[in-house]
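Read through the structure below, which is laid out as structure tokens, and then see the notes.
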Amino acid sequence: MKITIAEQPGSSGIEVTIRCEKTNRQVLDIVARLRMFDRKVTGSTDGGTHVVNAEDILYVESVDKRTFFYTKSAVYETPLRLYEMEERLEGCDFLRVAKGCVVNFRRVASLRPDLNGRIIAIMDNGEQIVVSRQYAPDVRRKLKMI
């Protein structure tokens, strides 16, 4: 892979162009990482509102009609519904793994099979997330793409 940086004084922002013979998994991976870099989400904790980078989010969970997202160091509540968070994080390698949970696939350290066709996703902080039987085929499909 060749990387070229061209400075253009007066440019209005950063523009990334990817030139490739064919769009493959590596190209899609690069695009997902770039999208995640610039994506921000707000959440509340300890009485304050915080801005969090999408790449820092381990997973998003809906509990008792409230939506929370988790990082290595904190839990944040967001006023958005789970599907709205999923839409906001679209294209950033987040994957629905249960009716009430969306996982940042980049932060999954390992996967192991569980009973009844479920999968246990171990996050890079050691936390375990159950991938339901309904969403396990999506995870398997994603793994075959890598």
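The values are calculated or read from the model by the stated rules, or taken from the named source; none is laboratory data. All values reported here derive from a predicted model rather than from experimental measurement. Glycine gets a Cβ as well: all are built from the backbone with ideal geometry, and neighbour counts include every protein chain shown.
One line per residue, one yes/no per condition, for (1) more than 17 Å from the chain's Cα centre (by Cα); (2) closer than 25 Å to Gly126 by Cα; (3) at pLDDT below 90:
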residue: Gln8; (1), (2), (3): yes, no, yes
residue: Asn24; (1), (2), (3): yes, no, yes
residue: Leu34; (1), (2), (3): no, no, yes
residue: Val63; (1), (2), (3): yes, yes, no
residue: Phe69; (1), (2), (3): no, yes, no
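Quick one: is Asp93 modelled with pLDDT under 90 and on the phi > 0 side of the Ramachandran plot?
So Asp93 passes the test.
If the requirement is being buried (at least 18 other Cβ atoms within 10 Å of the Cβ), at pLDDT 90 or above and among the β-branched types (Val, Ile, Thr), which of these qualifies: Val103, Val130, Val51? Even if it seems obvious, please write down each step before you answer.
Values: Val130 fails: buried (at least 18 other Cβ atoms within 10 Å of the Cβ); Val51 fails: buried (at least 18 other Cβ atoms within 10 Å of the Cβ).
Result of the check over Val103, Val130, Val51: Val103.
Please verify whether Val60 is surrounded by 15 or more Cβ atoms within 10 Å (Cβ to Cβ), among the aliphatic types (A, V, I, L, M), in contact with a Ser or Thr (Cβ under 7 Å, 6 or more places away or on another chain) and within 18 Å of Glu86 (Cα to Cα), treating the condition exactly as stated. Can you show your working first?
Numbers: surrounded by 15 or more Cβ atoms within 10 Å (Cβ to Cβ): yes; among the aliphatic types (A, V, I, L, M): yes; in contact with a Ser or Thr (Cβ under 7 Å, 6 or more places away or on another chain): yes; within 18 Å of Glu86 (Cα to Cα): yes.
Considered against the rule, which asks whether it is surrounded by 15 or more Cβ atoms within 10 Å (Cβ to Cβ), among the aliphatic types (A, V, I, L, M), in contact with a Ser or Thr (Cβ under 7 Å, 6 or more places away or on another chain) and within 18 Å of Glu86 (Cα to Cα), Val60 comes out as yes.
Read through the list (1) at positive phi; (2) modelled with pLDDT of 95 or more, then give the number of the only condition that Tyr59 fails.
(1)
Name, by its number, the condition in (1) β-branched (Val, Ile, Thr); (2) exposed (fewer than 12 other Cβ atoms within 10 Å of the Cβ); (3) touching a Gly at 6+ places or on another chain (Cβ under 9 Å) that does not hold for Thr4.
(3)
Quick one: Val108 ticks every box in (1) out of contact with any strand residue (DSSP E or B) (no Cβ under 6 Å at 6 or more places or on another chain); (2) buried (at least 17 other Cβ atoms within 10 Å of the Cβ) except a single one, so which number is it?
It fails just one condition, (1).
Of everything in region 105-119, what is under 24 Å from Asp29 (Cβ atoms) and without any contact (Cβ under 8 Å) to a residue 40 or more places away in the chain? Give them in sequence order.
Going residue by residue through region 105-119, those that are under 24 Å from Asp29 (Cβ atoms) are 105-112, 119.
Result: Phe105, Val108, Ala109, Ser110, Leu111, Arg112, Ile119.
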